[in-house]
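J.: Have a look at this one before I ask anything.
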Amino acid sequence: MANALPLARQAGYQPDRTKETLCKPGEAHVPSKCLLIVLDGLGDRSYARFGHLTPLASARTPALDALAARGASGLYHAGSLGQALPSENAHFAMFGYELCDFPGRGALEALGSGVELAPGEVAVLAHFVSLENVDGRARLVQDLPRADAAEAKACIAAAGTFAHDGVQVRFHQTKGLFGVLVLSGGALDPRVTDSNPMRDGRFLSAVVPRAEAAADPATRRTAAALTAYLRFAHQALSCLPENAARTARGLAPLNGLVSQRAGRLKPVTPFARRFGLKGASLASGAVFKGLAAYLGLDFVRARETGDAEADMFERLHLARELLSGDVGFLHLHTKAPDEAAHTKDPVAKLAVIEALDRALARGLAPFLDDPEVLTVVTADHSTPSCGQLVHSGEPVPLTFCGPGVRRDGLSRFDEVTAAAGALGPVRGTELMALILNALDRCRLAGIHDTPESLDYWPGDFDPFRL
Ligand SMILES: [Zn+2]
């Protein structure tokens, strides 16, 4: 039986349960709120010009480094390693929702742009482009042609509405030549392929049902309606007087549309119900507004002035106000690193990272000094600032900082240093689970105080009545 005793007892250790084992006042304090700062597309690859470091690792980032030194770091991937995720899919997982339940970017953009989607309607991202006919196949000449507001208006007037086999198709403009196609009327299904090849010079792909829905009549009907619409749009736009004028000026005609990322809204458990925290998103862009509306987060539109440092500083100021109210989880987002990376200039990305760090140096201290706030900094995905990929599949650095968070002694915030951190590898919805854990709100497995399986504890349960 002696072997069953804890090793310390066997060695004669007798704890004094009246003193040393009790926490000192304040020692067990845990934060009650979370600030999640997402530096969009921060992760990158290594480049010879930076001595084989990433832009983040070669940037001067004293504020991020100080944050890492006060907390625990790890490497985060919102999906699985190697998977290249768009921001909206990554954020869906970061907010604690499984990627398989993602409703599609088309549906979120519609929601964020004020387009009402009725149950069953399908929303598809679409924009006007320049195409050419090569032996009956459509080739993308210019994915992003320049156009003024009058030209965009003429395109929408000529090819904005269509009907085929009882399916109504309507183009809702979100900005310039970009918009959302809403398909309505009868049984429809968004499991169709994209036509957008995403790169100039490539051929458009046929719109067909995805393999898992190949036999589904609603999906086939959706693909057929979308195909008929895209053919109609090409014909209608080709006759447009504005395009004749563009051609005469040496500009590519706006003679087609490309489509991608079809989706449909489906029932979802609101964020506050799932996690027991009132959530808010401080971001810009229709897709974030749509995601916030979908999950029940308050949306606070952040300004985009082109000055990454000033914009981040203003966001941090707004974050103080929001977290001093009833917001328990605040998502603070900047897309500046991602946009810099998309210019395919690693030096521009490094400069943006340093600008953001200067804002953090000025604005982060109040959060770190507030015992009620858990500060988490990470990115949604990697965006390589060289090469042909849009986004890439490497994990990104993640740091937790706040009362009770383990300190791992790392003194740098970058993609390689973080691999040695105490958080280890963190994936998908684990981020939200770790946040609940750090706020002392995680549920002990097997405990059921509500009929639903909620992520947080204690749940919003009905009291036992006598
Ligand atoms: Zn991007």
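J.: Suppose we filter Ala361, Ala418 for residues that are over 25 Å from Gly279 (Cβ atoms) and buried (at least 18 other Cβ atoms within 10 Å of the Cβ); which single one remains?
T.: Details: Ala361 fails: buried (at least 18 other Cβ atoms within 10 Å of the Cβ).
From the options Ala361, Ala418, the qualifying one is Ala418.
J.: Hey, another quick one. Step by step: first the residues of the range 158-178, then only those that are polar (S, T, N, Q) and in contact (Cβ under 8 Å) with a residue 12 or more places away in the chain, then the one that is surrounded by the most Cβ atoms within 10 Å (Cβ to Cβ). Which residue is that? Before the answer, list the steps.
T.: First pass over the range 158-178, keeping only residues polar (S, T, N, Q): 161, 168, 173-174.
Pick out the ones that are also in contact (Cβ under 8 Å) with a residue 12 or more places away in the chain and you get 168, 173-174.
Values: Gln168: 16, Gln173: 18, Thr174: 20.
Among those residues, the one meeting the criterion is Thr174.
J.: Among the helices (runs of 4 or more DSSP H) confined wholly to the range 215-321, which include 2 or more residues that are surrounded by 22 or more Cβ atoms within 10 Å (Cβ to Cβ)? Steps first, answer last, please.
T.: Working: elements: 217-238, 241-248, 271-275, 286-295.
Correct list: 217-238, 271-275, 286-295.
J.: Quick check: anything in the range 173-180 closer than 20 Å to Leu237 by Cβ, at pLDDT below 95 and in contact with an Asp or Glu (Cβ under 8 Å, 6 or more places away or on another chain)?
T.: Yes.
J.: Answer with yes or no whether Ser259 is under 28 Å from Arg202 (Cβ atoms) and hydroxyl-bearing (Ser, Thr, Tyr). Spell out the reasoning first.
T.: On the way: under 28 Å from Arg202 (Cβ atoms): yes; hydroxyl-bearing (Ser, Thr, Tyr): yes.
Answer is yes for this residue.
J.: What number of residues in the range 33-54 are away from the ligand (no atom under 16 Å from the Cβ) and in a strand (DSSP E or B)?
T.: 7
J.: Can you confirm whether Leu5 is outside the structural domain of Leu434 (by TED's automatic domain parsing) and either at pLDDT below 95 or within 23 Å of Ala68 (Cα to Cα) (or both)? Break it down stepwise before answering.
T.: Details: outside the structural domain of Leu434 (by TED's automatic domain parsing): yes; either at pLDDT below 95 or within 23 Å of Ala68 (Cα to Cα) (or both): yes.
Yes.
J.: Can you tell me which residue in the range 78-95 is farthest from Val376 (Cα to Cα), limited to those that are out of contact with any Leu (no Cβ under 8 Å at 6 or more places or on another chain) and away from the ligand (no atom under 16 Å from the Cβ)?
T.: Looking at residues that are out of contact with any Leu (no Cβ under 8 Å at 6 or more places or on another chain) and away from the ligand (no atom under 16 Å from the Cβ), I get Gly82.
J.: Here's a follow-up. Any residue in the range 141-153 that's assigned by TED's automatic domain parsing to the domain that holds Ala252 and surrounded by 12 or more Cβ atoms within 10 Å (Cβ to Cβ): show its pairings with residues that are acidic (Asp, Glu) and assigned to a strand (DSSP E or B) at Cβ separation under 6 Å, as long as the two are six or more apart or on different chains.
T.: Partner pairs satisfying both residue conditions: Val141/Glu132.
J.: Any idea which residue in the range 317-344 is nearest to the ligand (Cβ to nearest atom), counting only those that are over 19 Å from the mean Cα position of the chain (by Cα) and of a type in the set (D, E, K, R)? Working first, answer last.
T.: First pass over the range 317-344, keeping only residues over 19 Å from the mean Cα position of the chain (by Cα): 317-318, 320-328, 343-344.
Subset that is of a type in the set (D, E, K, R): 320-321, 326, 344.
On the way: Arg320: 28, Glu321: 29, Asp326: 32, Lys344: 12 Å.
Per the criteria, the residue is Lys344.
J.: Continuing with the same structure: Of all residues in the range 14-55, how many are at pLDDT 95 or above and closer than 24 Å to Pro366 by Cα?
T.: So in the range 14-55, the residues at pLDDT 95 or above come out as 31-55.
Those left that are additionally closer than 24 Å to Pro366 by Cα: 31-40, 42.
So the answer is 11.
J.: Write out, first by first residue and then by second, each pair whose Cβ atoms fall under 8 Å of each other, whose residues are 6+ apart or on separate chains, and whose first residue, in the range 422-449, is loosely packed, with under 14 Cβ neighbours inside 10 Å while the second is among the aromatic types (Phe, Trp, Tyr) and in a loop (DSSP other than H, G, I, E, B).
T.: From residues that are loosely packed, with under 14 Cβ neighbours inside 10 Å, the pairs are Leu444/Trp457; Ile447/Trp457; Asp449/Trp457; Asp449/Phe461.
J.: Moving to a separate point now. Determine whether Phe102 is crowded, with 16+ Cβ neighbours inside 10 Å and within 30 Å of Arg220 (Cα to Cα). So that I can check it myself, show each step before the final result.
T.: Details: crowded, with 16+ Cβ neighbours inside 10 Å: yes; within 30 Å of Arg220 (Cα to Cα): yes.
For Phe102, the condition - crowded, with 16+ Cβ neighbours inside 10 Å and within 30 Å of Arg220 (Cα to Cα) - is met.
J.: Moving to a separate point now. Take the residues of the range 262-313 that are closer than 30 Å to Ala223 by Cβ and among the charged types (D, E, K, R): which is modelled with the lowest pLDDT?
T.: We begin by selecting, within the range 262-313, every residue closer than 30 Å to Ala223 by Cβ; these are 262-268, 285-291, 293-295.
With among the charged types (D, E, K, R) added as a condition, the list becomes 264, 266, 289.
On the way: Arg264: 94, Lys266: 90, Lys289: 96.
The extreme case among them is Lys266.
J.: So which of Val373, Val426, Val347, Val352 ends up being in contact with a Pro (Cβ under 9 Å, 6 or more places away or on another chain), at pLDDT 95 or above, within 16 Å of the ligand (Cβ to nearest atom) and of a type in the set (A, V, I, L, M, F, W, C)?
T.: Values: Val373 fails: within 16 Å of the ligand (Cβ to nearest atom); Val426 fails: within 16 Å of the ligand (Cβ to nearest atom); Val347 fails: within 16 Å of the ligand (Cβ to nearest atom).
That would be Val352, the only listed residue that is in contact with a Pro (Cβ under 9 Å, 6 or more places away or on another chain), at pLDDT 95 or above, within 16 Å of the ligand (Cβ to nearest atom) and of a type in the set (A, V, I, L, M, F, W, C).
J.: Kindly list, by first and then second residue, each pair from a residue in the range 302-325 that is over 12 Å from Ser284 (Cβ atoms) to a residue that is assigned to a loop (DSSP other than H, G, I, E, B) and at pLDDT 95 or above, limited to pairs with Cβ atoms under 7 Å and residues at least 6 apart or on different chains.
T.: Leu316/Leu364
J.: Could you list, in sequence order, all residues of the range 43-61 that are touching an Asp or Glu at 6+ places or on another chain (Cβ under 7 Å) and surrounded by fewer than 18 Cβ atoms within 10 Å (Cβ to Cβ)?
T.: Arg60, the sole residue that qualifies.
The values are calculated or read from the model by the stated rules, or taken from the named source; none is laboratory data. Values in this document were obtained by computation on a predicted structure and should not be read as measured data. Positions of Cβ are generated from backbone atoms using ideal geometry, with glycine treated the same way; all protein chains shown enter the neighbour counts.
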